[in-house]
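Notes to accompany the following structure.
The values are calculated or read from the model by the stated rules, or taken from the named source; none is laboratory data. What you are looking at is a predicted structure, and each value in this text was computed from that prediction instead of being measured. Here the Cβ positions follow ideal geometry from the backbone for every residue, glycine too, while neighbour counts run over all protein chains shown.
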């Protein structure tokens, strides 16, 4: 086991070392990798999921439904919280460390002296597709890494494309306007392939509709062609009705947050479209798929005493959605916010809605090299308050590490408090790593 662990660490270090090639949007390298590996992406049915927020939840929900239908399903998502193995799963089982070692070695041999220099994400995408093919899966649910049009995953020919929503993020790569970003996300729309969107922005819907129509792809729009109705929600569960081709009543999932209504409804719509195309998906699998879903890092409770909630909101849209959910779920609680954000993100846009619902803010930095300093975060909050005619009374403290921030938050947490950790997958991932196995709390329960 020690040998495997060393080899795994060396392999992951090699993969991360590919980041020296930076982020290069384009399909040339992935197309060449697929050819070298025998075109593995052609060996399974697929669903492609893009969007600014909600990609991971929607993809996981679709995967869970297909699994409950008796299918062998691969799921490719990014980034991970604690372990690289979280990125590549089959029927809810992470790829093993040994499999990561073998796959990476095989692909390195395939590249050989070709002169090909794939980026980190291109290499990992090739690993996922090759693994799925070798394991003879029926379906793959594939989340884009960034954008869509030039994303490494955009070599697949999906049965359905999903664009969850669109807002400003990764602007240095995708463009500074919503129109530019929509153009990139719309790149996953293939000729004749149905596309679903949960966007509520009229300009985005208009642009996606124009693209879909130009490619002969029918478009399915939330609140027009399908919708969900929130029946109840607490800090660990959501119950909804769904209306689309079929009507489903009292669907329950072990998730929380208003935004999950759109993600779960969109996942159901994707499965309804598959059924319209002739694939057999039962009503029972839809119900059980939602009941048995497991998603980490989205309003995830990782501790009861003290209560600690993780949410990996890392852009303004996600932060606003989190702030709404905090007000709805914890209106009787005082919020201790632990925030660590990457330096290249819209820090003001992330912090602004969250500090307004928090009594205490603890600023910190993850171990990631791009993490913003607590001093920078503090200055942004100070400037925010200077420009506010009615500044929120707030206590702001800084710590050097996530571990220190978590310790301070625990020491301040009384019976009427709750700790929210957010701002980055890297920040929430470190908290899960610190808490270890204790961070995994069951959210499943029996329903009548």
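From the list 288, 269, 275, exactly one residue is over 30 Å from residue 345 (Cα atoms), at pLDDT 95 or above and buried (at least 18 other Cβ atoms within 10 Å of the Cβ). Which is it?
After applying the criteria, what remains is 269.
Can you confirm whether residue 310 is at pLDDT 95 or above and closer than 19 Å to residue 259 by Cβ?
Against the criterion (at pLDDT 95 or above and closer than 19 Å to residue 259 by Cβ), residue 310 qualifies.
Just a yes or no: is a residue in segment 253-274 assigned by TED's automatic domain parsing to the domain that holds residue 241 and assigned to a strand (DSSP E or B)?
Yes, there is a match, as at least one residue in segment 253-274 is assigned by TED's automatic domain parsing to the domain that holds residue 241 and assigned to a strand (DSSP E or B).
Scan 101, 107, 88 and give me the residue that is touching a residue at least 12 places away in the same chain (Cβ under 8 Å) and crowded, with 21+ Cβ neighbours inside 10 Å.
Matching residue, one of 101, 107, 88: 88.
Within segment 343-351, does at least one residue satisfy the condition of being surrounded by fewer than 20 Cβ atoms within 10 Å (Cβ to Cβ) and part of a helix (DSSP H, G or I)?
Checked segment 343-351: at least one residue is surrounded by fewer than 20 Cβ atoms within 10 Å (Cβ to Cβ) and part of a helix (DSSP H, G or I).
Out of (1) under 19 Å from residue 66 (Cα atoms); (2) part of a strand (DSSP E or B), the odd one out for residue 241 is which?
(1)
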